[in-house]
Amino acid sequence: MKWEGERESDNVEDRRGQPGGGGGSGGGMRLGSGRGLGLGGVVVALLAAWLFGLDPGNVLQMLDGGVPGTAAPESPAAPRAKPQDSPGRFVSTILASTEDVWRDYFARQQMEYRPPKLVLFSGQTGTTCGQGVAAMGPFYCPGDRSVYIDLGFYATLKERLGAPGDFAQAYVIAHEVGHHLQNLQGITAKLDEARSRVSDRVYRGLSVRLELQADCYAGVWAARAQAAKGWLESGYVEEALNAASRIGDDALQRSAGGPVVPESFTHGSSEQRVRWFRRGLEAGDLSGCDTFGSQRL
């Protein structure tokens, strides 16, 4: 992927190297407290939250004996310069590409695109959605409109999940930015509102549709970024398709050594994630990403 020399985003906050991963404790959990879980138990619980689509902020608060939805606000971090290392510059470049693509897309509809912030952290960091921990993987917090990622996740993606490559990493960022688009469109708020009115089974089904739509949005970004820059060479799209396949609920359940339980899916199967990313890639437009109106996922 020919990303060197491309524009880097100004909307990146580098908290790596700050105490506790940067961002303050925000009154967050004390590792090893609450229900008696040590650090190992906390990491396993957070990994499970990421694998199965649970709210990481809620998981952290419940482990600490708290009540979900009552996290203390984030403590502001000191301003940091742009990342100077290659991994940091890479994600800054990918974020800049999403900004360019979605700013142009919104402008064509006479709308203004408000991009998210991308926060790099190490270990743990405060967010308005609760304490963020590396073990939960990359995530989007609608409360502060920010994407959070510990770049160590990319080693997990490559070595444990079998999804190496630059474009596989770019897909991860584009998927989280897809959640930001859903937040701007009011889709996230509608899903949150429905949570109190529907059964857990129905809500999990809606969650799957939300995640597959974010995959589709990532595909739209890929198509438009390629049309604008031509930076994808042969094999790069396959990297993203492989990543989508490796993080399907069924694949993750198998890798965890358990049975595949479709009723527990919150992100969609490998086949579904690949299908919707490809649909966005082929359509090149958000209108092709109506997972909520589609009978076949």
If the Cβ limit is 6 Å and pairs must be 6+ apart or interchain, which residue in the stretch 216-227 that is without any contact (Cβ under 8 Å) to a residue 40 or more places away in the chain pairs with which residue that is not small (G, A, S)?
Q226/L232
So D215 passes all but one of these: (1) among the acidic types (D, E); (2) in a helix (DSSP H, G or I); (3) more than 19 Å from A283 (Cα to Cα). Which condition number does it fail?
(3)
I want to confirm something. Restricting to the stretch 281-291 and keeping residues that are modelled with pLDDT of 95 or more and within 20 Å of the chain's Cα centre (by Cα), which single residue is nearest to V101 (Cα to Cα)?
L286
Would you be able to tell me the number of residues in the stretch 156-173 that are closer than 28 Å to T188 by Cα and either free of Cβ contacts under 8 Å to residues at least 60 places away in the same chain or surrounded by fewer than 18 Cβ atoms within 10 Å (Cβ to Cβ) (or both)?
1
For helices (runs of 4 or more DSSP H) lying entirely in the stretch 91-205, having 2 or more residues that are at pLDDT 90 or above and in contact with a helix residue (DSSP H, G or I) (Cβ under 6 Å, 6 or more places away or on another chain) picks out 166-185, 187-194
(1) in contact (Cβ under 8 Å) with a residue 12 or more places away in the chain; (2) out of contact with any strand residue (DSSP E or B) (no Cβ under 6 Å at 6 or more places or on another chain): which one isn't true of H179, the others all being true?
(2)
Taking the conditions exactly as written (more than 23 Å from L118 (Cα to Cα), out of contact with any Asp or Glu (no Cβ under 8 Å at 6 or more places or on another chain) and at pLDDT 95 or above), does D249 satisfy them or not?
no
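Yes/no per residue for (1) farther than 24 Å from R296 by Cα; (2) surrounded by 15 or more Cβ atoms within 10 Å (Cβ to Cβ); (3) touching a Phe, Trp or Tyr at 6+ places or on another chain (Cβ under 6 Å):
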site: Y154; (1), (2), (3): yes, yes, no
site: I187; (1), (2), (3): no, yes, no
site: V198; (1), (2), (3): no, no, no
site: C216; (1), (2), (3): no, yes, yes
site: R224; (1), (2), (3): yes, yes, no
Are any residues in the stretch 135-152 buried (at least 22 other Cβ atoms within 10 Å of the Cβ), in contact with a Gly (Cβ under 9 Å, 6 or more places away or on another chain) and over 15 Å from H179 (Cα atoms), and if so, which ones?
D150
Any chance you could count how many residues in the stretch 200-214 are among the β-branched types (V, I, T) and buried (at least 17 other Cβ atoms within 10 Å of the Cβ)?
1
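The values are calculated or read from the model by the stated rules, or taken from the named source; none is laboratory data. Being a predicted model, the structure only gives us computed values, none of them experimental. Don't worry about glycine lacking a Cβ; one is built from the backbone with ideal geometry, like all the others, and counts go over all protein chains shown.
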